[in-house]
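What follows is a set of notes on a single structure, which appears directly below.
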Amino acid sequence: MARSNEITSTEKLLDVIRKKESDQAPEINSSEGKKPAVTPPPVRNNSKTNRSSKVSSGKPLTVGIDIGHEYLRIVKATRTGDSKPDLVDQKRVPIPAATVRQSTEFISFLKSELNAFCGVSRNLQLWVIMSAANVEVHHVRIPRVDKKQIATVVYFTIKKESPIDENTTIVDFEVLGEAVDQGANKYDVMYYTAPRREVEELKKLFSLAGWPLTGISIAPFAMQNIFRTEWMPGYDGAAASLFIGNDFSRIDIYSHGNLIMTRGIKAGISSVLELLVECINDRVAQSTDSPLQGSCDKNRARKIIASLSPDLPSLTVEERYGLLEQEVWETVLPALERLIRQVERTFEHYTVTLGNERIDKIYVSGVIVSQPIVDYIGEQLGISSEIFDPLSSNMASGHIDAELFSSVAERIAMAPAVAIALSDNTRTPNFIHTSKDKQYAAQIKRINTSILLTFIVCVVLCAGYLLYELGSLRSKDQQLLALDKQLTEYKTPVNRDLITQTAAALKVNAVTDRSYLKKYQGTAVISEISYLNEPNIRLLNVKANFGTAADKPQEIEIEGLVLGEKKLLQSTLNAYVLKLDGSPLFGQVKVQKTSEENYRRGAVLRFTATMKIKGA
């Protein structure tokens, strides 16, 4: 990963800080006294909604919900097909202190707020964000098979790579598109797992609140909605999203609207604050005339870091414990550097190890995000960087509370709720409506459609048949009279000898037919096996037992090699077995044994399989 020169980028950042401090110096050292402390405006416990946007245009609505540590954030958006979704309403409410999830108090609080926000209408889709801590996202490539067999091949591959207990874990997948791997056409598949218990608890919470959920997803998939709906302009190619939390961070990589990789990093803003607290407390301990009495804690350090952003009021030197802004940066840069190195290694794994395209942009969000931090991250990684602020380009809309979202920090905090409000089952992974549920719903719809069409066809046929019968009743009577006449004229006697002769002739014909079957059965078996063979399958031996039903059931045994990439050998064999089992001639196909061997300087999979001949 190309990077800018570390000394040059750091000096540029410090030059900006020095210029900012020099502009403030006359006021601090003026004869009228020191500049009074500027206290940032307190965070408003805003629980109002944008009443002017309550009336929608009749379009379906989606409600996105983000339950944070301190606030409940809710966003309402229109669900549209081709055009970009629109925000209709938004709300932020402080969660009562010491309230435990799943408790009666929290359920009452959630029910009250949803009733006030959603109104009496129940024609809404509710989507909520769950924790991504225990959710795993992986990518695999499978052979290109028939669409009806994709799910089978995917689940075979998943269970082969990592056995999963579906009683405790939800498993789902999404086909991202087609790819060419070593000249073979394949499918790129993203699959993910989530703890079933966490999903069920979240469903139960909202059911008890009287608002059943439509969907449950995680923040990386919610942010994927931003790209897939083209909510943020100017996105193209591969981009990364870095969320800097208190004790951990998360790096998500998106390519052309699809989540390709997500990784948790055990480093957050707490390590930055700890460095600053340690530096200040050492300074206070060594100084007898500290500009601010008392030791520094994380809350004060958090205010000092946040004040470095140009869009927030600066603190006085006394409020920074006598540290210049340049000194603050020099103190916290080592912790920030460690985080950047983790991100850089993730990028190298994505581009170099996995052979993907270069990441050309990074979006940064988190509990504390300032423009200098974002610029420094971009310079160190050598790519374009900006704050992940999806609301900034939509502030002119009359449906957004400009007063509530005037702060960049609050817009960043509201971004997950906005992103999950853009969800739809056609583009958003849903832990309570998986691909199996979608297939089942589609199957029910097909069955209902088939029943309706069959009923209509039956009615038409019955009506036509009734008219036909009424019109041909006389003709049938005449045919019956003619048959009676022919029967009376038939003089051939029917006795035991005639029946015995006829049975003997039929037996001779049956023997002749069976001889033809035995003569050409081997040719038919070899022809069908040759037709079903795959380019990556090399057959070594074919054995056939054409015994009679009284002797031994007819059975075919094949032995062969599976060629190709080592990690795809088992998937290729599974697809071949499915193809054999779908043949009209063979059935009960079973793989008896497999073993890995070296063949022509490459790994192959030797297998032995048996199958029955249908109808034998």
>> When the residues of segment 192-203 are narrowed to those that are in contact (Cβ under 8 Å) with a residue 40 or more places away in the chain and part of a helix (DSSP H, G or I), which ends up surrounded by the fewest Cβ atoms within 10 Å (Cβ to Cβ)?
In response: E201
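Looking at V180, V171, V175, which one is free of Cβ contacts under 8 Å to residues at least 12 places away in the same chain and part of a strand (DSSP E or B)? Write out each step before concluding.
Details: V171 fails: free of Cβ contacts under 8 Å to residues at least 12 places away in the same chain; V175 fails: free of Cβ contacts under 8 Å to residues at least 12 places away in the same chain.
Criteria check complete, one pass: V180.
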> Taking segment 105-141 as the search range and keeping residues that are assigned to a strand (DSSP E or B) and of a type in the set (A, V, I, L, M, F, W, C), which one is surrounded by the most Cβ atoms within 10 Å (Cβ to Cβ)?
Replying inline: W127
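Quick check: anything in segment 437-452 closer than 20 Å to A194 by Cβ, surrounded by 19 or more Cβ atoms within 10 Å (Cβ to Cβ) and among the polar types (S, T, N, Q)?
Restricting attention to segment 437-452, the residues satisfying the condition of being closer than 20 Å to A194 by Cβ are 437-440.
Narrowing the set further to residues that are surrounded by 19 or more Cβ atoms within 10 Å (Cβ to Cβ) leaves none.
Among the residues of segment 437-452, not one is closer than 20 Å to A194 by Cβ, surrounded by 19 or more Cβ atoms within 10 Å (Cβ to Cβ) and among the polar types (S, T, N, Q), which makes the answer no.
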> Condition test on K519, is it part of a helix (DSSP H, G or I), under 30 Å from Y576 (Cα atoms) and modelled with pLDDT under 80?
Replying inline: yes
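Looking at L540, L585, can you tell me which residue is surrounded by fewer than 16 Cβ atoms within 10 Å (Cβ to Cβ) and hydrophobic (A, V, I, L, M, F, W, C)?
Details: L585 fails: surrounded by fewer than 16 Cβ atoms within 10 Å (Cβ to Cβ).
Sole residue among the options that is surrounded by fewer than 16 Cβ atoms within 10 Å (Cβ to Cβ) and hydrophobic (A, V, I, L, M, F, W, C): L540.
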>> Need pairs with beta-carbon distance below 7 Å; first residue in a loop (DSSP other than H, G, I, E, B) and within segment 525-545, second not β-branched (V, I, T); sequence gap 6+ or separate chains.
In response: N533/L539; E534/Y576; N536/L563; N536/G564
> Which residue pairs have Cβ atoms under 8 Å apart, sit 6 or more places apart or on different chains, and have a first residue in segment 567-585 that is under 16 Å from S530 (Cβ atoms) and a second that is outside any helix (DSSP H, G or I) and among the acidic types (D, E)?
Replying inline: Y576/E534; K579/E534
> Only one of these conditions is not met by A442: (1) more than 30 Å from L213 (Cα to Cα); (2) at pLDDT below 80. Which number is it?
Replying inline: (1)
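Just to check your reading of the model, which residue among V189, V154 is farther than 29 Å from I368 by Cβ, in a strand (DSSP E or B), outside the structural domain of S384 (by TED's automatic domain parsing) and of a type in the set (A, V, I, L, M)? Walk me through how you get there before you give the answer.
Numbers: V154 fails: in a strand (DSSP E or B).
Exactly one of V189, V154 is farther than 29 Å from I368 by Cβ, in a strand (DSSP E or B), outside the structural domain of S384 (by TED's automatic domain parsing) and of a type in the set (A, V, I, L, M), namely V189.
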> Does L569 satisfy being buried (at least 18 other Cβ atoms within 10 Å of the Cβ) and under 36 Å from the mean Cα position of the chain (by Cα)?
Replying inline: yes
>> Against the condition more than 24 Å from T351 (Cα to Cα) and in the same structural domain as L354 (by TED's automatic domain parsing), how does A239 come out, does it pass?
In response: no
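The values are calculated or read from the model by the stated rules, or taken from the named source; none is laboratory data. Note that this is a predicted model, so its numbers are computed, not measured. Counting neighbours? That spans all protein chains shown, and the Cβs are built from the backbone with ideal geometry, glycine included.
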